[in-house]
Amino acid sequence: MLDTPSDLHIMCQVNDCPIYQDHQERTSQQKPDVAILPFKCTFAALPEEKHDGDNRLINTATKQETRLVWKDMLACIEFKRPTKKLSKSPLSYEVAPYKSTNPEYRCVEHTVPDAPASAAAPAPDSESTHRSARLAAGSQNVCNNPDGKRKATETLQFAGKRAKTDDDTEPKLDLTVQTGLYATEMFAANVAVKYLVNLVVVDDVVWVWQCDRQGSIIECSGINFIEDLPRFMPALLYASQRFSLVDWGRNAGFKHDEKNHSHKLIIDDVDLEVHKDRMTHYGLKEYATNVFPVTSEKLAKDNQEIAKDDMVAKVFWAEEQRTSEPDILKKVYEIAEEQDAVKGHVPHLLWHHKFQEPMSKIREALGISEPAEGSRVLYILVFRKLKPITELKGT
């Protein structure tokens, strides 16, 4: 348990609006039930008359006026009430040994279509399926062409929750799948997030998930927050109130600039401003590589031939045990010095940094065998920006 409370002043906020985010020329739509946010982020979605702007909410019994955004969210809570019946609370509580819930761990259940099996669904577009297969779960087919092909100007929405209609042939998503989709959205909105926490609540039992960029989900045993309130309160609520952004999985080096929509970093006297204008990766694993324009006064000063805005940053999550890209480039530079055919045809690496925060720590704490296998670590590499191929002259 951390010693002091966090200055985030986290809040649980009911989410009444779908949250949108673009991926690979597609627009996904998700609607988590409740979001855990830093207190200042709750103001953005509430009318001004509902708060005084000084860390106090006057009245929260109202729907939000603007949509929440994925980059602000620290966690999502998904609720299901299949039995419509809760446990009876005892007259008094006392700390007792943990009693397993039923089930103790949540598994992905098989989905059942709402409509009869004879109903035919429109044929999917094979090209869009190939380009964004990871978005396919929960997708809505907005194709109206008889051959099932999508026009280039149309966009395809991927919905985590959909209004039920009479001719709805798609199965409802299991809550574990929905929670996994929320995790992908949060990863895509925050390139430097190494892990995140989400919660699944079914009737009176809550399960806590930790997702990381290795594609794995570490799930705690279920806690019945009515029958086992003494364990639920300090183990989850009291502890989370003391979490800083780093404890929520954010990387301490990345400072978000809301005004300029960028990230600012100062590492080893190198100043960087990463202009994050888009996200292209959507998923729970692999490198999650993104390339952004970047400016740096320090690197421009050290490299007089390069303007400060003539740089790009490559940010990605590489496997820690593999040979790093800077080491590979170092070997390439050695070859280029000896072979004229290679010289002048290799990327110009200006600076790089490895964030020493691998994902294997929690596996070590849990006693998992070979905890470092597949562990990923965040790299940032700054290159000289390449010119368009159309400007190439000569042979």
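Quick notes on this structure:
- Cα gyration tensor shape for region 254-391, rounded if a/c is under 1.5, else prolate or oblate: oblate
- Largest first, the residues Asp309, Asp16 sort by 1.4 Å accessible area into Asp309, Asp16.
- Accessible area (Å², per residue) of region 254-391, counting only protein heavy atoms and a probe of 1.4 Å: 61
- When the surface is traced with a 1.4 Å probe over the full set of protein chains, Glu25 keeps roughly 130 Å² accessible.
- Residue pairs, from the table Lys301/Lys330; Lys264/Lys298; Lys298/Lys331; Lys85/Lys172, whose Cα atoms sit over 24 Å apart: Lys298/Lys331
- A Cβ-based charge dipole, computed about the Cα centre of region 254-391 with Lys and Arg at +1 and Asp and Glu at -1, lands at about 380 debye.
- When you filter the trypsin sites (Lys or Arg not before Pro) in region 314-379 for DSSP loop state and at most 12 other Cβ atoms inside 10 Å of their Cβ, you are left with Arg322, Lys343.
- Selected from Gly344, Tyr282, Leu329, residue furthest toward positive end of dipole (region 254-391; charges at beta carbon): Tyr282
- Sorted largest first by accessible area at a 1.4 angstrom probe radius, with every protein chain in place, the residues Leu284, Leu175 fall in the order Leu284, Leu175.
- Accessible area in the full protein assembly, largest first, 1.4 Å probe, for Met311, Met1: Met1, Met311
- Region 197-270, relative contact order [Cα under 8 Å, separation at least 6], %: 16
The values are calculated or read from the model by the stated rules, or taken from the named source; none is laboratory data. Since this is a predicted model, take the numbers as computed values, not measurements. Positions of Cβ are backbone-derived with ideal geometry, glycine not excepted, and every protein chain shown enters the neighbour counts. All accessible areas refer to the heavy atoms of the entire protein, side chains included, with ligands and DNA or RNA removed. Shrake-Rupley method; radii C 1.70, N 1.55, O 1.52, S 1.80 Å.
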